[in-house]
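Colleague: One structure, pasted below without further comment.
The values are calculated or read from the model by the stated rules, or taken from the named source; none is laboratory data. For clarity, every value in this text was computed on a predicted model and none was experimentally measured. Because the Cβ atoms are built from the backbone with ideal geometry, glycine has one as well, and the counts that use them run over all protein chains shown. With ligands, DNA and RNA removed, areas are computed over all heavy atoms of the protein, side chains included. Shrake-Rupley method; radii C 1.70, N 1.55, O 1.52, S 1.80 Å.
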Number of protein chains: 4
Amino acid sequence: MTLRKPAIVVNFKTYMESSGKEALALAKLCEQVAKETGASVVVAPPMPDLALVASSVDIPVYAQHADEVRPGNTTGHVAMENIRASGASGTLLNHSERRIKVAEIHDLIGLARSLHLATIVCTNNPGVSVACAAMGPDAVAVEPPELIGGDISVTTANPGIVSDTVRAIRSVRPEVAVLCGAGVKNGRDVAKAVELGADGVLLASGVVKAKDKRAVLMDLVSGLGR
Amino acid sequence: MTLRKPAIVVNFKTYMESSGKEALALAKLCEQVAKETGASVVVAPPMPDLALVASSVDIPVYAQHADEVRPGNTTGHVAMENIRASGASGTLLNHSERRIKVAEIHDLIGLARSLHLATIVCTNNPGVSVACAAMGPDAVAVEPPELIGGDISVTTANPGIVSDTVRAIRSVRPEVAVLCGAGVKNGRDVAKAVELGADGVLLASGVVKAKDKRAVLMDLVSGLGR
Amino acid sequence: MTLRKPAIVVNFKTYMESSGKEALALAKLCEQVAKETGASVVVAPPMPDLALVASSVDIPVYAQHADEVRPGNTTGHVAMENIRASGASGTLLNHSERRIKVAEIHDLIGLARSLHLATIVCTNNPGVSVACAAMGPDAVAVEPPELIGGDISVTTANPGIVSDTVRAIRSVRPEVAVLCGAGVKNGRDVAKAVELGADGVLLASGVVKAKDKRAVLMDLVSGLGR
Amino acid sequence: MTLRKPAIVVNFKTYMESSGKEALALAKLCEQVAKETGASVVVAPPMPDLALVASSVDIPVYAQHADEVRPGNTTGHVAMENIRASGASGTLLNHSERRIKVAEIHDLIGLARSLHLATIVCTNNPGVSVACAAMGPDAVAVEPPELIGGDISVTTANPGIVSDTVRAIRSVRPEVAVLCGAGVKNGRDVAKAVELGADGVLLASGVVKAKDKRAVLMDLVSGLGR
């Protein structure tokens, strides 16, 4: 299963507003918006909610992280195979809040592909983005850590990081999708991301902390310009 | 919610035989045996299956691990609050396959208590058991790592480690339950654990890898001597 | 080799003011003050400087950390045996800036003892202190992390944490020395620590960042009230 | 300071045979062989011995690892600046026994360059090698982990991994040197590495565990074909 582009990827992080019952409610809202608009919306709920969400909605559900372990004697970890068994269809890797080792990224991308799971590798700048794209994930999501969770979108604060990443990856691995994130809040930010060449956005608090989550989702999707 | 003693705690680890749909099936089997016999049976499924299992059975469901993070900007981690939101009622901590830092154990025990979640801290010998019991979890589960996943029960291979741990903990923190584990396979092993003073057992492959899981569970429960 | 009490333990951390040539100079200054006053002064230089400092001064030199690895195929780590081979006579363990797992603390204390190396286990509160003391190190050094590197000494900001730790450890493991740290800057702070029952102090920036390091060291030593 | 090619890089790991006094003796032997033959020989002693070795020999001395921390409140870690202050002239990064995160590799390469320190990034296959070369270290050292410490040289067991890595890196970053390692024991292995296009070798036990270390070093250097 590959990532359908362009895409809005909603990372639920571990917020209480998107955990447990709220994770399920938000996933269903995303599904509703995706169905109404035809947009590609992906949700990444907290790990304990993964199977419950995946068995309840009909849009792609991704894990937020995978450990490089084999199924079995690895208590307290999450193997890629457990993510598969939960019904999820992909995973984020190397999020700035959960960085992993370079050999792990390489092996997990290969393992995910063999299990028909998609991978989005998060990065922090064009240099790391190209390094990660070279290992062949479905997508790279570039997010300057200092802008994550903030009020100003990366597309406004640092558009060059987006366009540089797009250009650098296109020149070596054109098949790898490029997302951007950090501070993305509305349809204008999404439209700007697309204009800069990105295949979509990765965002969290902009949706999770919104009062009217449905309105925000509809606005974000409108920015995809479909 | 505290651990009802004596108890059989079934750690599903990350085995494929107890992941996804199989996690749900095994949890339901444990629930059935608990209801039929009145025994205290606790299940600890893989993290992605936690909410799904917790919302489907009426016996205590524990996580296998908790990260020392706050809910929010901690993508790819699992906060104690996420475990609570998933509907689980407790967690293992410091399993030999997922050791954590001593200050983390201390803080997570306190945090779990404030959330009405039970904690079972896994240890590897009497010295570490007493250190962990001093921090006041609901239970300590002593498991010599070299016997985990093996064919010989700790109660046969090293009964002294069980009785020493029981004695040492009883003398300083009598309210902390003592479980033992590693190689536990059948009712005889459970009976021996109880005879050595333990309040139950923690086991995994003995159940997860069994051909007739129901028969094994019934046998284990019989060892509690109720 | 055991820690001679009461003691001033100077943690050089990784400051440039106490790294490389400066590590050597500061260690020699500490040696001079120790010899002039007869006080027990221990230095813990940055890891790359350990053998050079240990071969150059005649006061106890401790590592700041040890990894739980065996000598051999463990590139980039530091085994307790490497610390021994460097000529050092002890090590800090579990500093708040380098926390380790509880089973590691247990095993490293035993390994250090077998190699005649002293261990000072750093902790953050009385509960963790008792847990660590139960594993039998030479000393426990309690340091509230929020006061480390600050301007107010733990002995002023939170004297109860020192006296509670002293009392709790004395009642279970009276042979374990108790140090305190965080914000300790001068002889008055040291005198207060001793008055609260501590066997000395662990400090860093108070010495490392001082303009007149010799004067500060002389003042600190005076607080030991010898 | 850059790596002079072709080079023999001797990783002392944490072996007792190359720790403390033995680290110094082995480094002096390497220096002697380098001077006699004019070959480029680099030594990477255990971390506690770094400053002592760097102040005692006149060949390049590298650390085996660097932590991504700033100098200061980072007890028990080793900042790149501490490596610089110790007198070393470079560092290995991401050795298979001490893997680090991809963003750390990126940042540490840049930091090392600003401090005039050389970096050799260890990798495990051509894919990871290209990813790491893209971040611009002085060298990449490809070592299949399963061959490390073994009796068969990578150049015999898996020559394709060497030539593939050389070809892949030359096509994208020709200025990055390519070393190979794992099982390298003698001059024939070195000659084969050079024949496969490598700029030298990284080895450990072949030298450290040798009875006649001088003879082995002379043989290795002869393989450089100078």
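Colleague: Apply 1/(1 + (r/R0)^6) to the Cβ-Cβ distance of B:Arg113 and C:Ala25, taking R0 = 30 Å, and write down the FRET efficiency to the nearest 0.05.
Modeller: 0.05
Colleague: If you count the DSSP beta bridges with both ends in chain C, what percent of them are antiparallel, to the nearest 5?
Modeller: Of all bridge pairs located within chain C, approximately 0 percent are antiparallel.
Colleague: Follow-up question, since we're still on this one. Using the scaling law 2.2 N^0.38 Å as the reference, what is the normalised Cα Rg of the protein assembly as shown?
Modeller: Working: Rg = 28.5 Å, N = 904, 2.2 N^0.38 = 29.2 Å.
Cα Rg divided by the expected 2.2 N^0.38 Å: 0.97.
Colleague: Net charge near B:Asn82, counting Lys/Arg +1 and Asp/Glu -1 over other residues with Cβ under 15 Å of its Cβ?
Modeller: -3
Colleague: More than 19 Å apart: what percent of Cα pairs in the stretch C:114-226 qualify? Walk me through the intermediate numbers first.
Modeller: On the way: 2622 of 6328 pairs.
Of all Cα-Cα distances in the stretch C:114-226, 41 percent exceed 19 Å.
Colleague: Quick check: Cα centre of the stretch B:1-54 to Cα centre of the stretch A:37-89, how many Å?
Modeller: Value for the Cα centre distance between the two parts: 20 Å.
Colleague: Express in whole angstrom the spacing between the alpha-carbon centres of the stretch D:162-226 and the stretch B:190-224.
Modeller: If we compute the Cα centre of each part, the gap is 55 Å.
Colleague: Let me ask another. Relative to the Cα centre, what is the charge dipole magnitude of the protein assembly as shown, using +1 at the beta carbon of each Lys and Arg, -1 at the beta carbon of each Asp and Glu, and rounding to the nearest 20 debye?
Modeller: Dipole of the protein assembly as shown, to the nearest 20 debye: 0 debye.
Colleague: Stick to Cα atoms and the Kirkwood definition of Rh, then tell me Rg/Rh for the stretch B:98-141.
Modeller: Working: Rg = 9.7 Å, Rh = 10.4 Å.
Answer for the stretch B:98-141: 0.93.
Colleague: Filter the cross-link list B:Lys21/B:Lys185; C:Lys192/D:Lys21; B:Lys101/C:Lys35 down to pairs whose alpha-carbon distance in this structure exceeds 32 Å. Kindly include the intermediate steps, with their values, before the conclusion.
Modeller: Details: B:Lys21/B:Lys185 24 Å; C:Lys192/D:Lys21 42 Å; B:Lys101/C:Lys35 38 Å.
From the list (B:Lys21/B:Lys185; C:Lys192/D:Lys21; B:Lys101/C:Lys35), the Cα-Cα distance tops 32 Å for C:Lys192/D:Lys21; B:Lys101/C:Lys35.
Colleague: Under a plain spin-label model, where a point goes 7 Å from the Cα along Cα-to-Cβ, how far apart in nm are A:Thr156 and D:Glu36?
Modeller: For A:Thr156 paired with D:Glu36, the spin-label model returns 6.9 nm.
Colleague: To the nearest 20 debye, what is the magnitude of the charge dipole of chain B about its Cα centre, counting +1 on the Cβ of each Lys and Arg and -1 on the Cβ of each Asp and Glu?
Modeller: Details: 23 positive and 23 negative charges, 53 e Å.
About 260 debye.
Colleague: Hey, another quick one. List the residues whose amide H sits under 5 Å from the amide H of A:Thr14, counting only those 5 or more places along or on another chain, with H placed 1.01 Å from N in the peptide plane.
Modeller: HN-HN under 5 Å from A:Thr14: B:Gly72, B:Thr74, B:Thr75.
Colleague: Once you have a ≥ b ≥ c as the square roots of the Cα gyration tensor eigenvalues for chain D, tell me rounded if a/c is under 1.5, and otherwise prolate or oblate according to whether a/b is larger than b/c.
Modeller: Oblate shape, in that a/c is at least 1.5 and b/c is the bigger or equal ratio.
Colleague: Nearest 5 is fine: what % of DSSP beta bridges in the protein assembly as shown come out antiparallel, could you say?
Modeller: 0
Colleague: Per-residue Cβ counts within 10 Å, from other chains only, averaged over D:62-69: what number is that?
Modeller: Details: counts 0, 3, 5, 4, 1, 4, 1, 3.
Mean shielding count: 3.
Colleague: Something else about it: At the nearest 100 Å², what buried accessible area, both sides summed, do you get for B and A when the probe is 1.4 Å? Walk me through the intermediate numbers first.
Modeller: Values: alone 9560 and 9540 Å², together 16180 Å².
Using a 1.4 Å probe on protein heavy atoms, the buried area is about 2900 Å².
Colleague: Shape call for the stretch C:26-136 from the C-alpha gyration tensor, a ≥ b ≥ c root eigenvalues: rounded (a/c under 1.5), prolate (a/b greater than b/c) or oblate? Before the final figure, lay out the partial values.
Modeller: Working: a/c = 2.05, a/b = 1.28, b/c = 1.60.
Judged from the Cα gyration tensor, the stretch C:26-136 comes out oblate (a/c at least 1.5, b/c at or above a/b).
Colleague: Separate question: If amide H atoms are built 1.01 Å from N in the plane of the peptide, which residues on other chains or at least 5 residues away come under 5 Å of the amide H of A:Val42?
Modeller: Result for A:Val42 returns A:Ile8, A:Val9, A:Val10.
Colleague: Can you give the average number of partner chain beta-carbon atoms within 10 Å of each beta-carbon in peptide A:129-141, as a whole number? Can you show the working numbers first?
Modeller: Values: counts 2, 5, 12, 4, 2, 10, 5, 2, 0, 0, 0, 0, 0.
Taking the mean over all residues of the peptide, I get 3.
Colleague: Determine how large the accessible area of A:Arg99 is when every protein chain is in place; take a 1.4 Å probe and give Å² rounded to the nearest 10.
Modeller: Answer for A:Arg99: close to 40 Å² accessible.
Colleague: On average, how many beta carbons from a partner chain sit within 10 Å of the beta carbon of a residue in C:77-89?
Modeller: 6
Colleague: Now for a different question. Could you pull out every residue, at least 5 positions away or on a different chain, whose amide H is within less than 5 Å of the one on A:Val140? Hs are placed 1.01 Å off N in the peptide plane, and Pro or chain starts have none.
Modeller: Here A:Val121, A:Ala177, A:Val178, A:Leu179 satisfy the definition.
Colleague: To check you understand DSSP bridge types, tell me what percent of the beta bridges within the stretch B:114-226 (both residues inside) are antiparallel, rounded to 5.
Modeller: Beta bridges within the stretch B:114-226, antiparallel portion: roughly 0 percent.
Colleague: Further question: Any chance you could look up the accessible area of A:Met16 with a 1.4 Å probe, heavy atoms only, rounded to 10 Å²?
Modeller: 80
Colleague: Place a point 7 Å from Cα of D:Ser56 in the direction of its Cβ. Which residues in the stretch D:18-48 have their backbone N less than 11 Å from it?
Modeller: Hits in the stretch D:18-48 for D:Ser56 at 11 Å: D:19-29.
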